[in-house]
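A.B. asks: Can you read through this structure? Questions will come right after.
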Amino acid sequence: MEKILEIKDLEVRYYSDRKTVRAVNGLDLDLSPGKVLGLVGETGAGKTTLALSILNMIRAPQGKIEAGSISFAGKDVLSMSKHELRDMRGKDVAMIFQDPMTALNPVLSVGEQIAETVLKHEGLTKDQAWKRAEEMLLTVGIPAERSKDYPHQFSGGMKQRVVIALALACNPKLLLADEPTTALDVTIQAQVLDLMRTLIRDNGTSVLFITHSLGLVAENCDEVATMYAGEIVEYGTIDQVFGKALHPYTQGLFGSLPDLSEATKRLKPIPGLMPDPTALPAGCFFEPRCPYAMEVCKAAHPKDIDVGGHLVKCHLFDKEGGAGRKA
Amino acid sequence: MSKYLLRRIFMLVPVLFGVTLIVFGLLYITPSDPAQMMLGPNATPAAYTQMKADMGLDKPFVVQYIRFLFGYQHPIFGYKGLLFGDLGRSYISNRNVFELILSSFPNTLILAAGALFLALVIGVPIGILSATRHYSAWDMVFTVFALLGASMPVFWAAMVLIYTFANNLRIFPAMSNPRDFMSLVLPIVTLSMYSMAIIMRMTRSSMLDVMEQDYIRTARVKGMDEKVVIFKHALRNALIPVVTVAGLQFGQLLGGAVLTEKIFSYPGLGSIMVDAIYQKDTPQILGSVCFIALTFTIINLLVDILYGFIDPRIKSTFGRKKAKPAAARSRA
Ligand SMILES: Nc1ncnc2c1ncn2[C@@H]1O[C@H](COP(=O)(O)OP(=O)(O)OP(=O)(O)O)[C@@H](O)[C@H]1O
Ligand SMILES: [Mg+2]
């Protein structure tokens with residue numbers, strides 16, 4: 001099947017006085033139409049950077065996409081003109097940001113913020129655009145007459161619903177949802193996710209669903225990718241990864257899930273910290289924290305290994321390596 | 001909205017009261033002797049005592065201050081008091097103090113408004129340009145200009161302008177009056193320099209700050225043109241602090257026109273105030289300063305009202321009733 005999104009060898013860096021943050025390092029990722037891909041990884045793994053790269057929104061002078069290619073629906077995003085990019089953003093690819101509290105412009109009414117996007121991309125009249133804005137607000141459960149209200153007049157959960165309405169207003173083919181519910185409390189989180197799920201299913205939108213939570217991935221996604229220090233270390237379907245996580249880091253993430261059946265069992269975080277993105281190790285990035293680290297892990301950076309369509313970046317699975325030692 | 005306004009206007013009362021007290025107190029302790037001045041150097045001690053009593057200067061501070069507010073009965077030196085808009089006649093010109101103020105204030109207003117207009121029209125666009133191209137060569141050039149503008153003394157700038165444009169090039173006259181537009185150019189430029197620099201820097205830093213906000217990223221992610229991002233999404237937010245500064249600047253321009261008016265021999269309130277101070281013309285000084293204080297507070301009030309139009313968050317605290325229940329309802 002034709003991929004909607006294909007990322008190859010992506011390298012993104014942030015430069016500041018004498019320091020270089022290697023935020024994304026030779027990352028490969030594909031997404032098929034209509035699929036929801038969960039992207040998990042701890043803070044600083046480069047998830048937001050990846051999402052912004054897909055929109056070619058890494059801002060100079062600090063940020064720069066150094067290498068690689070990103071193609072969306074067969075078109076090379078990184079060589080698009082400013083004009084083409086603006087047509088793509090908001091129309092074909094939409095993004096929901098981490099923090100709904102700051103994502104909306106405080107001096108424009110929420111209706112206006114949705115309507116202007118529709119106006120820009122859909123070739124409608126102003127009245128029609130406003131009508132669409134009100135419909136979108138209704139779909140996310142906000143009464144149409146509140147379209148003239150300003151962001152400060154809404155609660156956090158409502159704001160995030162406005163943000164979702166905004167992102168989906170032009171029926172995007174790809175939605176980049178960057179921790180869309182992290183800032184919300186649990187009950188509202190569930191509501192918002194339900195809503196997103198319905199809207200996405202109805203429109204056949206493909207989604208890159210960024211989250212810290214494996215639970216949310218299990219509930220909402222078809223596929224899952226684990227990100228560590230700017231690369232994808234494991235990729236597979238939900239069944240594959242949740243059935244048998246291969247990468248020690250993913251296993252660690254599962255180990256750190258609180259087990260609800262045993263009330264006394266504590267959250268078990270992975271010991272150690274993610275490597276400093278300004279000084280990444282030469283070998284496997286996870287090696288310093290890996291319980292299975294071998295000599296080769298220090299020396300050579302692992303490549304993707306295909307285990308029946310389930311990809312893993314780990315020397316344990318090298319053909320000549322010790323796959324048998326796998327726990 | 002009207003409730004908020006009433007409250008704000010009510011709050012002006014103690015402020016203005018404080019200002020009059022300070023001004024009156026300062027003049028009271030300044031070593032000046034109006035009675036002596038009125039009589040000239042050859043007055044007899046008896047005439048001097050009589051004059052002091054007539055002018056009401058023999059009474060204690062509190063009595064004098066109450067008279068200043070509520071009026072003083074005397075065939076020559078009497079007046080109805082500040083609260084009734086009458087401080088009697090100037091010791092020097094013998095004209096009614098407030099009449100003189102009201103006839104010269106429009107002239108000062110022309111200068112101040114012209115200067116603020118110029119400062120905004122030039123300062124805001126350059127501020128935006130500096131912010132959107134920050135650290136570019138243009139930004140550096142404008143930064144230097146702003147520094148010059150903010151640190152150049154008014155009298156010096158005025159002299160340079162007069163020397164260049166009036167003496168050498170003979171484009172604009174060196175003396176200014178409100179009926180001749182060409183003659184207004186130099187004083188307005190002089191007066192606006194400082195404000196222009198401040199407004200430029202304020203717009204720049206405010207714009208830089210706003211451009212880093214998440215909602216600007218949202219606007220870009222929506223595919224908005226950069227022009228729309230800057231002028232619709234960023235500028236309105238960035239203007240909020242600029243409006244405050246512009247309001248304060250306007251107040252200062254009204255009061256600070258003193259030097260400029262003197263240099264260009266311009267018949268404004270500033271000139272009148274300076275003359276009054278030189279001549280120890282107490283009623284005129286008191287009247288002018290209180291009048292400027294009142295204008296200053298009114299301008300601040302207007303700025304606050306203007307806020308409401310730019311920032312919807314403030315409008316709703318003016319008492320748009322919809323805001324509160326809406327926020328409460330969504331939590332449920
Ligand atoms: N504008 C920037 N300038 C410099 N460094 C940056 C910038 N944005 C991100 N980084 C760095 O790039 C790395 C990846 O950041 P990114 O925001 O992509 O992480 P993330 O996975 O989204 O984290 P989180 O889960 O906390 O949102 C981090 O080390 C971060 O400090
Ligand atoms: Mg992030």
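The values are calculated or read from the model by the stated rules, or taken from the named source; none is laboratory data. Quick caveat, the model's predicted, so the values are computed rather than measured. Backbone-built Cβ (ideal geometry, glycine too); neighbour counts: all protein chains shown. Just so you know, the surface numbers come from the protein's heavy atoms only, side chains and all, with ligands and any DNA or RNA stripped out. Shrake-Rupley method; radii C 1.70, N 1.55, O 1.52, S 1.80 Å.
A.B. asks: Could you please find all residues in region A:21-70 being more than 9 Å from ligand 1 (Cβ to nearest atom) and within 14 Å of chain B (Cβ to nearest Cβ)?
C.D. replies: Scanning region A:21-70 gives A:SER53, A:ILE54, A:LEU55, A:ASN56, A:MET57, A:ALA60, A:PRO61.
A.B. asks: Just wondering, is there one or more residues in region B:41-51 that are in contact (Cβ under 8 Å) with a residue 60 or more places away in the chain and either under 16 Å from B:VAL289 (Cβ atoms) or surrounded by 15 or more Cβ atoms within 10 Å (Cβ to Cβ) (or both)?
C.D. replies: Within region B:41-51, not a single residue is in contact (Cβ under 8 Å) with a residue 60 or more places away in the chain and either under 16 Å from B:VAL289 (Cβ atoms) or surrounded by 15 or more Cβ atoms within 10 Å (Cβ to Cβ) (or both).
A.B. asks: Here's a follow-up. Suppose we filter A:ASP99, A:ASP87, A:ASP92, A:ASP76 for residues that are of a type outside the set (Val, Ile, Thr), loosely packed, with under 14 Cβ neighbours inside 10 Å and either over 30 Å from A:ASP17 (Cα atoms) or within 16 Å of ligand 1 (Cβ to nearest atom) (or both); which single one remains?
C.D. replies: Of the residues listed, the single one that is of a type outside the set (Val, Ile, Thr), loosely packed, with under 14 Cβ neighbours inside 10 Å and either over 30 Å from A:ASP17 (Cα atoms) or within 16 Å of ligand 1 (Cβ to nearest atom) (or both) is A:ASP76.
A.B. asks: Can you report the number of residues in region A:139-158 which are at pLDDT below 90 and open to solvent by 20 Å² or more (accessible area, probe 1.4 Å)?
C.D. replies: 2
A.B. asks: Take the residues in region A:81-107 that are more than 16 Å from ligand 2 (Cβ to nearest atom) and of a type in the set (Gly, Ala, Ser); name whichever of them is nearest to the other protein chains (Cβ to nearest Cβ).
C.D. replies: Per the stated criteria, the residue is A:GLY90.
A.B. asks: I'd like to check which strands (runs of 3 or more DSSP E) are fully inside region A:5-80 and have at least 2 residues that are within 16 Å of ligand 2 (Cβ to nearest atom).
C.D. replies: Numbers: elements: A:5-16, A:19-31, A:36-40, A:63-72.
Because the criterion is at least 2 residues that are within 16 Å of ligand 2 (Cβ to nearest atom), the strands (runs of 3 or more DSSP E) in region A:5-80 that meet it are A:5-16, A:19-31, A:36-40.
A.B. asks: Whether any residue in region B:35-54 is closer than 30 Å to B:ALA246 by Cβ and either in the same structural domain as B:VAL229 (by TED's automatic domain parsing) or β-branched (Val, Ile, Thr) (or both) is what I want to check. So that I can check it myself, show each step before the final result.
C.D. replies: Step one: of region B:35-54, the residues closer than 30 Å to B:ALA246 by Cβ are none.
No.
A.B. asks: Kindly provide the set of residues from region B:1-46 that are under 15 Å from B:ILE277 (Cα atoms) and modelled with pLDDT under 85, ordered by number.
C.D. replies: If the condition is that a residue be under 15 Å from B:ILE277 (Cα atoms) and modelled with pLDDT under 85, then B:THR30, B:PRO31, B:SER32, B:ASP33, B:PRO34, B:MET37 are the ones that fit.
A.B. asks: Among (1) open to solvent by less than 20 Å² (accessible area, probe 1.4 Å); (2) without any contact (Cβ under 8 Å) to a residue 40 or more places away in the chain; (3) more than 14 Å from chain A (Cβ to nearest Cβ), there is one condition B:ALA219 misses while meeting the rest; what is its number?
C.D. replies: Of everything listed in (1) open to solvent by less than 20 Å² (accessible area, probe 1.4 Å); (2) without any contact (Cβ under 8 Å) to a residue 40 or more places away in the chain; (3) more than 14 Å from chain A (Cβ to nearest Cβ), B:ALA219 misses just condition (3).
A.B. asks: Based on what the data block shows, is A:LEU216 within 16 Å of ligand 2 (Cβ to nearest atom), within 14 Å of another protein chain (Cβ to nearest Cβ) and at pLDDT 85 or above?
C.D. replies: No; evaluated as a whole, the condition is false for this residue.
Residues are listed down the side, and each one gets a yes or a no for (1) within 16 Å of A:VAL163 (Cβ to Cβ); (2) at pLDDT 95 or above; (3) surrounded by 17 or more Cβ atoms within 10 Å (Cβ to Cβ):
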residue: A:ILE58; (1), (2), (3): no, no, yes
residue: A:LYS82; (1), (2), (3): no, no, no
residue: A:ALA115; (1), (2), (3): yes, yes, yes
residue: A:LYS120; (1), (2), (3): no, no, yes
residue: A:GLY123; (1), (2), (3): no, no, no
residue: A:MET136; (1), (2), (3): yes, no, yes
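A.B. asks: Looking only at region A:271-289, decide whether some residue is at pLDDT below 85 and among the basic types (Lys, Arg).
C.D. replies: No, region A:271-289 has no match at all.
A.B. asks: Would you be able to tell me the number of residues in region B:140-159 that are surrounded by 15 or more Cβ atoms within 10 Å (Cβ to Cβ) and assigned to a loop (DSSP other than H, G, I, E, B)?
C.D. replies: 1
A.B. asks: Taking into account only those residues within region A:193-214 that are small (Gly, Ala, Ser) and within 15 Å of the chain's Cα centre (by Cα), which is farthest from A:VAL163 (Cα to Cα)?
C.D. replies: The qualifying residue farthest from A:VAL163 (Cα to Cα) is A:SER213.
A.B. asks: Could you list, in sequence order, the residues of region B:5-32 that are surrounded by 13 or more Cβ atoms within 10 Å (Cβ to Cβ) and touching a residue at least 40 places away in the same chain (Cβ under 8 Å)? Write out each step before concluding.
C.D. replies: Let us first name the residues in region B:5-32 that are surrounded by 13 or more Cβ atoms within 10 Å (Cβ to Cβ), namely B:5, B:8, B:12, B:15-16, B:19-21, B:23-24, B:27-28, B:32.
Within region B:5-32, B:LEU5, B:ARG8, B:LEU12, B:VAL15, B:LEU16, B:VAL19, B:THR20, B:LEU21, B:VAL23, B:PHE24, B:LEU27, B:SER32 meet the criteria.
A.B. asks: Across region B:166-210, which residue is surrounded by the fewest Cβ atoms within 10 Å (Cβ to Cβ) among those that are charged (D, E, K, R) and farther than 19 Å from B:THR143 by Cβ?
C.D. replies: Result: B:ARG179.
A.B. asks: Oh, and also: Being modelled with pLDDT of 90 or more and open to solvent by 30 Å² or more (accessible area, probe 1.4 Å) narrows it down to one residue among B:ALA113, B:ALA119; which is it?
C.D. replies: B:ALA113
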